[in-house]
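Notes for the one structure printed next.
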Amino acid sequence: MQIDIVSVPYQTDVARWGCAGGPQAFLDAGLIERLREKRHSVREPVWIELPRAERTRDTVTNLGNIARRTAAAVSAAFKNGSDFVLALEGDCTHALGPIGGLAQAIESPGVVWIDAHGDMNTRETTTSGFWGGMPYAVALGWDLEDWRLAAGLETPVRPEAAALIGASDLDDGEIEALQHHPILRMDASEMMEPGVTERVAKALQPRSGEAAAWYLHVDLDVAGPEELPGGMTPAPYWPPRQHLLEAVRTTVQSVPVRAASIAVYNPSLDINGRGLRLGLDMAMAMV
């Protein structure tokens, strides 16, 4: 399989700090070599940069500019014969880029979002104002249209082609939205016991035809602070590591995933490399 890597080294719109170092850490740890050991062909990574001339005082505008460049890189990879694009994202705000790139190259994709949080808040529902809690809502067309359109996602992701897996920390507004939209929801509590492979397959396979191509987003915080030391937003509880890897493997077997991402890894807080190994194993499970 031809795999292209797109690296987005920003924590929100900030470079060289915190989770912005995650993409480089995964590459330095041998991600490309491990992919090639599985007999995949991997081109050199494309690095996304927000030029000084495009940086503004407005975070959403900056995120839109990063998403535009990311989407262009993802779309170009597919037009250049890529079978699969892996995005290494500083944090979840950068999911709009790969989703938009898929939309430009193929069609508006389906999304499987594996995360301890919903990331489905809008400016109206958020209680924190945290931009990282909004990107899935933006992709679904619920708020911040300028950010979505900057990513080239003209048609929002359809709720029928959307899933949220592994969450245990949802705000009231997110719970209400999930109750009013046909988004597949599988909470962390449903992933604590054995049988995750069967449950995820049973849930996702009926939705496979809702989109011709799917995007798989994995926020590593879904594994909890023991597996991801230094996570900024720990949740009440989290599924076992092996169950999460099973969920990722089953997702790519159940729906046609063409792009995926790994987000939220801060190498400066991962003293023993446990979070690094988690991210690498997640990447291997995706392909």
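Quick notes on this one:
- The set of residues in the stretch 11-28 being over 26 Å from S41 (Cα atoms) and either of a type in the set (F, W, Y) or outside any helix (DSSP H, G or I) (or both) consists of Q11, T12, D13, V14, A15, R16, W17.
- Qualifying residue in the stretch 191-200 (condition: out of contact with any Leu (no Cβ under 7 Å at 6 or more places or on another chain) and basic (K, R)): yes
Matching residues to (1) within 22 Å of A162 (Cα to Cα); (2) more than 18 Å from the chain's Cα centre (by Cα); (3) at pLDDT below 95:
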| position | (1), (2), (3) |
| --- | --- |
| D58 | no, yes, no |
| T70 | yes, no, no |
| V74 | yes, no, no |
| N80 | no, yes, no |
| E89 | yes, no, no |
| A103 | yes, no, no |
| P109 | yes, no, no |
| N121 | yes, no, no |
| G129 | no, yes, yes |
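- Meets criteria (at pLDDT 95 or above, part of a helix (DSSP H, G or I), buried (at least 18 other Cβ atoms within 10 Å of the Cβ) and in contact with a helix residue (DSSP H, G or I) (Cβ under 8 Å, 6 or more places away or on another chain)) for L280: yes
- For beta carbons closer than 7 Å, sequence separation of 6+ or different chains, a first residue in the stretch 17-44 that is under 12 Å from S268 (Cα atoms) and free of Cβ contacts under 8 Å to residues at least 40 places away in the same chain and a second that is crowded, with 19+ Cβ neighbours inside 10 Å and of a type in the set (S, T, N, Q), the qualifying pairs are W17/Q11.
- Yes/no for E190 being acidic (D, E), more than 14 Å from the chain's Cα centre (by Cα) and under 19 Å from P109 (Cα atoms): no
- Of all residues assigned to the stretch 218-228, none qualifies as being surrounded by fewer than 19 Cβ atoms within 10 Å (Cβ to Cβ) and either on the phi > 0 side of the Ramachandran plot or in a strand (DSSP E or B) (or both).
- If you check L35, L63 for being more than 13 Å from the chain's Cα centre (by Cα) and surrounded by 24 or more Cβ atoms within 10 Å (Cβ to Cβ), only one passes: L63.
- Out of A203, A161, A167, sole residue that is touching a strand residue (DSSP E or B) at 6+ places or on another chain (Cβ under 8 Å) and more than 20 Å from P239 (Cβ to Cβ): A161
- Taking the criterion of being among the aliphatic types (A, V, I, L, M), closer than 15 Å to I114 by Cα and surrounded by fewer than 24 Cβ atoms within 10 Å (Cβ to Cβ), the residues of the stretch 229-245 that qualify are A235, L245.
The values are calculated or read from the model by the stated rules, or taken from the named source; none is laboratory data. Everything numeric here is computed off the predicted structure, so don't read it as measured data. Neighbour counts are summed over all protein chains in view; Cβ atoms, including those assigned to glycine, are modelled from backbone coordinates with ideal geometry.
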